[in-house]
Structure formats: structure tokens, C-alpha cells
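Contents: one structure, followed by commentary.
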Amino acid sequence: MTASPPSRLVVRARRVFDGAAFVPAAVVVENGLVVAVLDEEAPVADAAELRVPADAVLLPGLVDSHVHVNEPGRTEWEGFGSATRAAAAGGVTTIVDMPLNSIPPTTTAAALEIKRAAAAASARVDVGFWGGAVPENLGGLAPLHEAGVYGFKCFLAPSGVDEFGHLDREQLRLAMGEVAALGSRLIVHAEDPELLGADGALGRGYDAFLASRPATSEASAIEAVIDAARATGARAHILHLSDARSLPAIRAARAAGVDLTVETCPHYLTIIAEEIPDGASEFKCCPPIREASNRDLLWQGIIDGTIDAIVSDHSPSTVDLKRAGDGDFGLAWGGISGLQVGLSAVWTEARERGIPLEAILPLFTAGPAAVAGLDAVGRIVPGAPAHLAVFAPDDVVHVDARELRHRNPISAYDGRVLTGRVRRTWLRGEVVFAADADAAGDAVAGAATGRLLARNGALVAVGEDAS
Ligand SMILES: [Zn+2]
């Protein structure tokens, strides 16, 4: 046990993000909760004081509703300890784990319990779980829903792992109907397998890979999702939108009353196909990173509010798998490792486009929280858990994949120079990352104080609290 922290903490800052803008404020934390948001210089008795420097801002802890942790079963790709250390270093205090790439996949209530047991031992930030909708469990999603998953993920094209099958169009409709009846949501990897190229070697050039996963494939699958959501009344979510030309269809569906949300990822907003070197398979992901003109349109979808969330789709593997086939884009594992750098990467690009920080912050906080139905997080308001982050928008970061805290030292962001750095992260009022004191930062990050979150509000205490 460490010494008891002061019972009350007040964090004062000239710029506190209130969900829409920066305001001067004093945030008072007690027993892990935000208990008051006061004027910046308001007196607070019996409290430890911390003042955020003038060159930094105070944010709610970020929410990343799309993370593949892979433990158990493929823990050598990524585990809860390493993933949540990376999250904390990126200002992320809540992640929602995807149901595939771990073994077993999260497609039964028993599998969810296995995942929870793995996470309980080592989570440094809070972890919730998505369930999976696969051909084998359609019609039987209720137990997983009751066990507390935030919704169900399905694929419309092969997922990349044999144990997590994809749904055909009829099965998609059945899954939508089932989640609608449960009051849950279906989150969809939208690529149409009929329009994808064949599996196998494609060579080291990026163009062949991009051509093998055309925008028409995303557009076709997104139309199918919209049709199924409209027919069933289900709440549906488009995962990792890459094809910006599908944004008008998404807008139109919403205008017609379809309950639909959409996310994109930092790599689609910051990287372009034209710049990806031959053999650089660390940039491979599905759907693929597309051309500069597409990226501009995605940014339009950010600015006009069509896109609800920016999430990492952190999907690591071992370096060997990521380099399989000596950088052959058809053979390498598809997935980007970027959990730790998402806000810095997107902010770097936003600033160059003249877009203010406060315009992108909702997409890292309340936006993804709403996608997952996590009502309590993503905002600094009385009663919310005291998940906070200090972000310095002008700090320069040279990304070195070997220094990132996720398990395998490979990342599409390696070598990038980014603007904006997370300096400190609190989980329930306790520091879980401190950039200015590496030793101390590592020491605090050693405590697995993350909690397991469940849709129905049940909190499962882990780490020290578990005894
Ligand atoms: Zn994913």
C-alpha cells in the first residue's frame, strides 16, 4: 500500500475543456469523483493544489471505443497491461475492447468472463467490452448482452482470423433485428467481400493493396447497413470509416431517421496513400488509408459534424506478422498501432488546417462515449469520475515506436513529428501517467487501478480494490 493521497484535490487551469469551449476553472476532486467545477481562483479548503501551466489545457480523460487488446490467446500481439499503459500515456482513461483477435473471441458470456479475468489483473485504465455477432451465435446474443457488453460487432467481409466469421446480408438483417429487440447496438466493419480482391500476395507497392480494397466496397457495405438499420429500427454504427464518399449516404440516412453513428480513425485523417513507401506494411489496415482528396473530404465530415468519433482502431500484432512477406501488403497483418498518439496526430493535422483544438476534442471524449453508451465519462462535470488529462498543444513530440508503451515496437506513426503532448493523466483522481517524471510515471503506471466496466452500470473492482 502507498500512503493515502490527500482526501481532496483541486486542479486549477486557465483553459478547462467544458465540452464545447475552454473556460478558466478549478476542478475539485474527492473520492475519485469530480465534486465541483468552480471559478479558477475560488478558495477550496483542505485540498492538495495543482495548477496547470499556462501553456497546457485540462481535458476530460479521452475515450477510445475501438481497441483490440488480443489477450488472452494472442497476448504476444497486445495485452491489457501494455495496451492500457499506452492508453494512459495518450490521455485515454476508458477503452472499449473489440471482441476479436483474442482467443476465445468475445462471442459468449463465458468468453467475456475469460476476457474480464485477463483484464482484471493488469488494466491501468478502465476497460469495457464489445461482444461479437457471428454466424454461430445469432439468435443467442441475449446472455452476452445481459452480461454487460456495450453492443455487438460484426464483419461483412472476412475478419482476418478464422474464429470470428462474417455475416452475409441476411444474417446482418437478423443481427440488426436481434440487437434492436435487446435495446443494444450493432457496430459494423463495413466492406463488401464481393468487391474485394482475392487473398494472397500483392507485392510491396501500396497501390495494388489499395486497389484490392476499393472505396466501392465500403460504399456497398454501408448501404447494406443503412438498409438493415432502417428496416429493423436498430441502432447501428459504422466502424473506421475510410471512404469519405459514403458520408452523404450516412447524412441522408440520419436525416430520414435511421439511428446511425460513424467513426473514423487518426490514420485516415493524417496519412495519405501517396506517401506510403514500398514495403511499409506498418501502414496496412482495412479498410485502407486512401488518397489525399479522400482525406480532405473526411475532414469535411469532421467539421460539419457528420462524424461522431475519432478512435484508434489500435490493432497490433507481432513485428514478424506485421512484416510478413518482407513488406508484401497482401501478406502482412493488417492493423495500425496508434493508441498512444491519436490526439497528438489529429491535432497536428487539424492545426495545419486551421481547425481549433476545441473542435476536435468532442470526437475524442463525449463522441465515442456516446457511441458506446458510456454516459458517465468524457466530460468534466460534478458527479463524473475524475478522469482528467493535461495536454500541451504546443509541445513537439518525435514519435519513436520503441518508446511507445504498447507491446510491439512498430507503428505507422514511427518517425513522425507531432504537435501536442499529454503530460499527465488521472484516473479517478489518481495519477496513472506523468510525462515529466518518467520513474514516477512508471511507478504509478505499475498499479493496475483500472476497473472493468459493464453496460448495465455494474463496476467490477480490480487490482488493489479486488481484495
Ligand atoms: Zn478494429
Exercise for the section: Would you be able to say whether some residue in segment 281-293 is over 20 Å from residue 354 (Cα atoms) and of a type in the set (Asp, Glu)? Expected result: yes
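Residue-by-condition table, conditions (1) open to solvent by 10 Å² or more (accessible area, probe 1.4 Å); (2) in a strand (DSSP E or B); (3) in the same structural domain as residue 93 (by TED's automatic domain parsing); (4) over 19 Å from residue 335 (Cβ atoms):
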{"position": "380", "(1), (2), (3), (4)": "yes, no, no, yes"}
{"position": "394", "(1), (2), (3), (4)": "yes, yes, no, yes"}
{"position": "401", "(1), (2), (3), (4)": "no, no, no, no"}
{"position": "404", "(1), (2), (3), (4)": "yes, no, no, no"}
{"position": "411", "(1), (2), (3), (4)": "no, no, no, no"}
{"position": "414", "(1), (2), (3), (4)": "yes, no, no, no"}
Handout entry: Matching option when the condition is within 16 Å of the ligand (Cβ to nearest atom) and either outside the structural domain of residue 264 (by TED's automatic domain parsing) or touching a residue at least 40 places away in the same chain (Cβ under 8 Å) (or both), among 179, 134, 149
Key = 149
Practice task
Look at residue 107 and say whether it is within 16 Å of the ligand (Cβ to nearest atom) and either without any contact (Cβ under 8 Å) to a residue 12 or more places away in the chain or surrounded by 23 or more Cβ atoms within 10 Å (Cβ to Cβ) (or both).
Solution key: yes
Handout entry: Within segment 213-237, tally of residues that are surrounded by fewer than 19 Cβ atoms within 10 Å (Cβ to Cβ) and acidic (Asp, Glu)
Key = 2
Completion exercise
Of the residues in segment 119-139, those that are open to solvent by 20 Å² or more (accessible area, probe 1.4 Å), hydrophobic (A, V, I, L, M, F, W, C) and in a helix (DSSP H, G or I) come to 120
Exercise for the section: Output the qualifying pairs, or none if there are none: Cβ atoms under 8 angstrom, residues six or more apart or on different chains, first residue in segment 19-42 and of a type in the set (Asp, Glu), second residue surrounded by 15 or more Cβ atoms within 10 Å (Cβ to Cβ) and not in a strand (DSSP E or B). Expected result: 30/429
Handout entry: Count of residues meeting criterion [open to solvent by 10 Å² or more (accessible area, probe 1.4 Å) and either small (Gly, Ala, Ser) or more than 23 Å from residue 159 (Cα to Cα) (or both)] in segment 93-104
Key = 0
Problem - Some residue of segment 340-359 being of a type in the set (S, T, N, Q), open to solvent by 10 Å² or more (accessible area, probe 1.4 Å) and closer than 25 Å to residue 196 by Cβ - result: no
Problem - Hits in segment 295-309 (condition: open to solvent by less than 10 Å² (accessible area, probe 1.4 Å) and either more than 22 Å from the chain's Cα centre (by Cα) or closer than 20 Å to residue 191 by Cβ (or both)) - result: 298, 301, 306, 307, 309
Fill in the blank from the handout: residue 304 fails exactly one of (1) over 20 Å from residue 417 (Cβ atoms); (2) in contact (Cβ under 8 Å) with a residue 40 or more places away in the chain, namely (2)
Handout entry: Lone qualifier among 200, 165 - being assigned to a loop (DSSP other than H, G, I, E, B), in contact with a Phe, Trp or Tyr (Cβ under 9 Å, 6 or more places away or on another chain) and open to solvent by less than 40 Å² (accessible area, probe 1.4 Å)
Key = 165
Fill in the blank from the handout: Taking segment 314-331 and the residues there that are assigned to a loop (DSSP other than H, G, I, E, B) and surrounded by fewer than 24 Cβ atoms within 10 Å (Cβ to Cβ), the one that is nearest to the ligand (Cβ to nearest atom) would be 318
Problem - Residues that are within 23 Å of residue 28 (Cβ to Cβ) and not hydroxyl-bearing (Ser, Thr, Tyr), drawn from segment 357-373 - result: 358, 361, 366, 369
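One line per residue, one yes/no per condition, for (1) over 22 Å from residue 64 (Cβ atoms); (2) in a loop (DSSP other than H, G, I, E, B); (3) in the same structural domain as residue 20 (by TED's automatic domain parsing):
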{"site": "236", "(1), (2), (3)": "no, no, no"}
{"site": "246", "(1), (2), (3)": "yes, no, no"}
{"site": "288", "(1), (2), (3)": "no, yes, no"}
{"site": "312", "(1), (2), (3)": "no, yes, no"}
Practice task
Determine if segment 59-67 includes at least one residue that is open to solvent by less than 30 Å² (accessible area, probe 1.4 Å), touching a helix residue (DSSP H, G or I) at 6+ places or on another chain (Cβ under 6 Å) and within 16 Å of the ligand (Cβ to nearest atom).
Solution key: yes
Exercise for the section: Might you check whether a residue that is more than 16 Å from the ligand (Cβ to nearest atom) and either part of a helix (DSSP H, G or I) or farther than 24 Å from residue 456 by Cβ (or both) occurs anywhere in segment 92-102? Expected result: no
Practice task
Return yes when residue 334 is surrounded by fewer than 22 Cβ atoms within 10 Å (Cβ to Cβ), within 16 Å of the ligand (Cβ to nearest atom) and not in a strand (DSSP E or B) and no when it is not.
Solution key: yes
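The values are calculated or read from the model by the stated rules, or taken from the named source; none is laboratory data. A quick note: this is a predicted structure, and the numbers were derived from the prediction, not measured. Because the Cβ atoms are built from the backbone with ideal geometry, glycine has one as well, and the counts that use them run over all protein chains shown. Only protein heavy atoms, including side chains, enter the accessible area calculation; ligands, DNA and RNA are left aside. Shrake-Rupley method; radii C 1.70, N 1.55, O 1.52, S 1.80 Å.
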